[in-house]
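Beneath this line is the structure, given in structure tokens, with notes to follow.
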Amino acid sequence: MSNSSTIIDQVQQVNGGEAGATSGAFPNTSVQTSDSPILQIRDFNVQAGDTRILKDIHLDIPKGKITVLLGPSGCGKTTLLKCLNRLSDLHPSLKVKGQILIDGEDIFHPTQDLTTIRQKMGLLSQRPFPLPMSIYKNIAYGLKIKGIRDKKVVKEKVEKHLRDVGLWEEVKDRLHGPAARLSIGQQQRLCLARGLAVGPEIILADEPTSALDPISSRKIEEEFLRLKEDYTLIVVTHILRQAKRLADHIVFMYFGEIIEQGTPDEIFNHPKSDILKQYLQSGH
Amino acid sequence: MAALQRLILPAKLTDRLSTGWLNFAVLFLILLPLVIGAGLVIKSLPLLEQASIGTMLHSAEFSPQQGHFGFYAFIMGSVWVTLLSFVLSAPVCLLAAIYLTEYSPQWLTQSMYFVIDVLAGIPSVVYGVWGVLVIVPLLADYVAPALGLTTTGYCLLSGGIVLAIMAVPYMLNMLMEVFRSVPIELKEASLSLGATYWETIKWVVLKKGLTGIIAALSLGISKALGETIAVLMVVGNVAKVPKSVFDAAYPLPALIANNYGDMMSVPLYDSALMFAALLLFVIILVFNSITSFFLYRIKEQ
Ligand SMILES: Nc1ncnc2c1ncn2[C@@H]1O[C@H](COP(=O)(O)OP(=O)(O)OP(=O)(O)O)[C@@H](O)[C@H]1O
Ligand SMILES: [Mg+2]
């Protein structure tokens with residue numbers, strides 16, 4: 001739990017054995033070493049009772065890139081995402097050990113301000129969960145929490161973020177209607193806009209398109225590619241093609257461990273471990 | 001082909017038959033209140049022919065021997081004792097339900113479910129006896145003197161307290177169900193926007209559960225309006241409009257239960273009791289219509 005490992009780890013390639021081979025074969029692809037990572041996960045363990053859900057996770061998330069988490073069901077992807085904004089706190093059964101550093105600060109430090117941490121991360125879940133209020137208020141909600149109550153500012157921001165996700169034209173005439181009346185695809189984009197309004201640095205997306213039709217999925221994907229100009233994204237997906245389209249960096253997990261990571265080319269065309277090869281074959 | 005049809009036809013037939021039965025059952029249940037209401041109206045007709053509804057509702061003078069049938073005191077007795085029990089129980093139940101579903105450790109919630117089941121299973125006459133033995137002397141000997149007042153203890157407040165306690169298991173159980181049914185992902189969404197847990201409950205959970213909360217609270221009120229025996233034992237049963245919570249009152253159900261079968265020789269007396277029942281029925285009907293309307297409005301939003 002000490003802070004001493006922080007700086008030393010910063011430039012270090014991830015996951016021991018695989019690392020050497022990675023940089024050897026593709027010298028220009030080690031994204032996470034080129035600039036300082038926005039998130040550093042160190043010796044991170046999560047346990048529920050006797051089962052270890054995450055085992056010694058050591059991972060750097062590159063800034064301004066899309067990192068995709070891949071892995072079979074139950075390997076701990078969602079758990080990892082939830083730890084990043086401490087939603088893991090909602091489950092007292094989960095025992096967390098290790099560090100996650102954002103801008104050098106430990107997310108799990110006891111004195112850490114939860115609100116600040118969570119506002120740095122926008123969350124997009126598997127299915128959209130609009131707040132039980134109007135479209136307008138869904139977006140104004142985060143602003144209200146941040147203490148922004150000036151009606152004009154709020155109004156401008158609502159419009160801006162709805163435009164950001166391409167929803168403005170579709171909803172501008174029913175801003176004060178209930179958000180639950182939107183289609184699922186629209187709701188998911190609303191949830192994205194709602195997260196953006198808080199001004200996060202990182203967007204966490206847990207299978208964000210799994211409940212959506214192909215067209216809505218594409219819209220979200222396009223949105224992600226645009227968003228990485230200003231944000232860092234971490235996306236969990238089971239759709240390998242989506243991973244290919246989106247990822248700058250891919251992390252493959254299996255039973256709570258990181259087995260392999262690298263660029264899409266490394267992961268899809270030159271997988272090293274047998275587990276990953278099998279996973280890719282059984283996939284798509 | 002023919003064999004196939006023979007196989008299908010019986011299936012269709014049973015299908016028809018069973019939907020027929022289902023429709024009949026539903027129709028029967030829908031008609032039930034109408035049947036009860038109609039019965040009450042017919043039985044109160046003799047009184048309605050003699051006295052005007054206006055005077056019966058406004059006058060507080062109830063002396064059947066003299067032919068005065070004023071129900072105002074009884075209506076007020078019912079309304080006040082119900083309101084009082086609501087004011088005493090609803091806030092406590094609401095806060096307890098929030099605490100038990102959102103904050104408390106698992107074992108406490110589980111033991112609370114046990115307590116709820118026990119409370120709901122106790123017959124109302126036991127609540128009444130307990131009220132007579134505990135609440136009535138408590139109010140008469142300690143609470144009222146401390147406030148510089150006198151009371152026999154058989155009063156509105158005793159009725160309100162006993163009713164409040166009786167309503168707790170029903171309201172609490174339903175409210176806890178309401179809060180538990182709010183999806184955790186919704187809370188996560190609010191928390192991930194930086195809201196504190198309390199803000200999340202205040203702005204999201206309560207809002208999401210609003211229809212359920214209203215339904216739960218109105219169930220509590222309906223229970224209180226109709227409860228008879230326990231109230232009757234502690235509320236004093238004096239046909240006067242109560243002026244304070246330490247005054248005795250006489251709610252409608254108590255009037256009916258105390259007098260039905262007695263004094264039937266007095267002209268129009270049984271009809272008057274039926275009219276009291278009709279009043280109670282109408283109050284409950286109006287009350288439920290109002291809550292249904294609110295629920296509808298909320299769902300429309
Ligand atoms: N609160 C909890 N208590 C106990 N075990 C848990 C808890 N949350 C998750 N787990 C367990 O942790 C493991 C990882 O779950 P997680 O949801 O992170 O998997 P996942 O990789 O997201 O899977 P999927 O692709 O199906 O969404 C599972 O075996 C799950 O049962
Ligand atoms: Mg998952």
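The values are calculated or read from the model by the stated rules, or taken from the named source; none is laboratory data. None of these values were measured; they are calculated from a predicted model. Using ideal geometry, Cβ is built from the backbone for each residue, glycine included, and neighbour counts are taken over all protein chains shown.
So the values come out like this:
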| quantity | calculated |
| --- | --- |
| So A:TYR136, is it more than 25 Å from B:SER104 (Cβ to Cβ), touching a Phe, Trp or Tyr at 6+ places or on another chain (Cβ under 8 Å) and among the aromatic types (Phe, Trp, Tyr) | no |
| Failed item, numbered, when A:ARG127 is tested on (1) away from ligand 1 (no atom under 16 Å from the Cβ); (2) out of contact with any Leu (no Cβ under 8 Å at 6 or more places or on another chain); (3) farther than 20 Å from A:LYS172 by Cα | (1) |
| The listed residue being crowded, with 21+ Cβ neighbours inside 10 Å and farther than 21 Å from A:THR232 by Cβ, out of A:ALA197, A:ALA193, A:ALA179 | A:ALA179 |
| Which listed residue, of A:LYS65, A:LYS77, is of a type in the set (Lys, Arg) and in contact with a Lys or Arg (Cβ under 7 Å, 6 or more places away or on another chain) | A:LYS65 |
| Residue count, the range A:83-116 (criterion: facing chain B (nearest Cβ under 9 Å) and away from ligand 1 (no atom under 16 Å from the Cβ)) | 3 |
| Of all residues making up the range A:183-221, the number that are small (Gly, Ala, Ser), within 11 Å of chain B (Cβ to nearest Cβ) and not in a helix (DSSP H, G or I) | 1 |
| Residues within the range B:212-221 that are hydroxyl-bearing (Ser, Thr, Tyr) and either farther than 22 Å from B:VAL87 by Cβ or surrounded by fewer than 17 Cβ atoms within 10 Å (Cβ to Cβ) (or both), tallied | 0 |
| Selected residue (only one of A:LYS137, A:LYS157 is closer than 21 Å to B:GLU199 by Cα and of a type in the set (Lys, Arg)) | A:LYS137 |
| Candidate set from the range A:232-241 (those that are over 8 Å from A:VAL68 (Cα atoms) and either within 14 Å of chain B (Cβ to nearest Cβ) or surrounded by fewer than 22 Cβ atoms within 10 Å (Cβ to Cβ) (or both)); member that is farthest from ligand 2 (Cβ to nearest atom) | A:ARG241 |
| Failed criterion for A:ILE275 (all others in (1) modelled with pLDDT under 95; (2) more than 18 Å from A:LEU69 (Cβ to Cβ); (3) in a helix (DSSP H, G or I) hold) | (2) |
| Odd one out for B:ALA38 among (1) modelled with pLDDT of 85 or more; (2) over 30 Å from B:ALA276 (Cα atoms) | (2) |
| Some residue of the range A:75-82 being assigned to a loop (DSSP other than H, G, I, E, B) and either within 14 Å of ligand 1 (Cβ to nearest atom) or within 13 Å of the chain's Cα centre (by Cα) (or both) | yes |
| Residue in the range B:181-189 that is away from every other protein chain (no Cβ under 14 Å), in contact with a helix residue (DSSP H, G or I) (Cβ under 7 Å, 6 or more places away or on another chain) and within 20 Å of B:ALA90 (Cβ to Cβ) present | no |
| Single residue of the range A:258-284 satisfying the filter (charged (D, E, K, R) and buried (at least 19 other Cβ atoms within 10 Å of the Cβ)) that is farthest from the chain's Cα centre (by Cα) | A:GLU266 |
| Every residue from the range A:205-231 that is over 17 Å from A:HIS161 (Cα atoms) and either in contact with a Leu (Cβ under 6 Å, 6 or more places away or on another chain) or surrounded by 18 or more Cβ atoms within 10 Å (Cβ to Cβ) (or both) | A:ALA205, A:ASP206, A:GLU207, A:PRO208, A:THR209, A:LEU212, A:SER216, A:SER217 |
| Check on B:THR196, out of contact with any Phe, Trp or Tyr (no Cβ under 7 Å at 6 or more places or on another chain), over 30 Å from A:LEU114 (Cβ atoms) and within 14 Å of chain A (Cβ to nearest Cβ) | no |
| Filter result for B:SER104 (surrounded by 22 or more Cβ atoms within 10 Å (Cβ to Cβ) and among the polar types (S, T, N, Q)) | no |
| Whichever residue in the range A:63-93 is under 19 Å from A:MET253 (Cα atoms) and surrounded by fewer than 18 Cβ atoms within 10 Å (Cβ to Cβ) and, among such residues, is farthest from ligand 2 (Cβ to nearest atom) | A:PRO72 |
| Residues satisfying the stated conditions in the range B:92-107, i.e. more than 16 Å from the chain's Cα centre (by Cα) and either within 20 Å of B:GLU227 (Cβ to Cβ) or not in a helix (DSSP H, G or I) (or both) | B:VAL92, B:SER104, B:PRO105 |
| Within the range B:63-108, tally of residues that are under 19 Å from B:CYS155 (Cα atoms) and among the hydroxyl-bearing types (Ser, Thr, Tyr) | 5 |
| Within the range A:120-167, considering residues that are of a type in the set (Gly, Ala, Ser) and part of a helix (DSSP H, G or I), the one surrounded by the fewest Cβ atoms within 10 Å (Cβ to Cβ) | A:ALA140 |
| Scan of the range B:173-188 for residues that are part of a helix (DSSP H, G or I), of a type in the set (A, V, I, L, M) and either modelled with pLDDT under 95 or surrounded by fewer than 24 Cβ atoms within 10 Å (Cβ to Cβ) (or both), ordered by number | B:MET174, B:MET176, B:VAL178, B:ILE184, B:LEU186 |
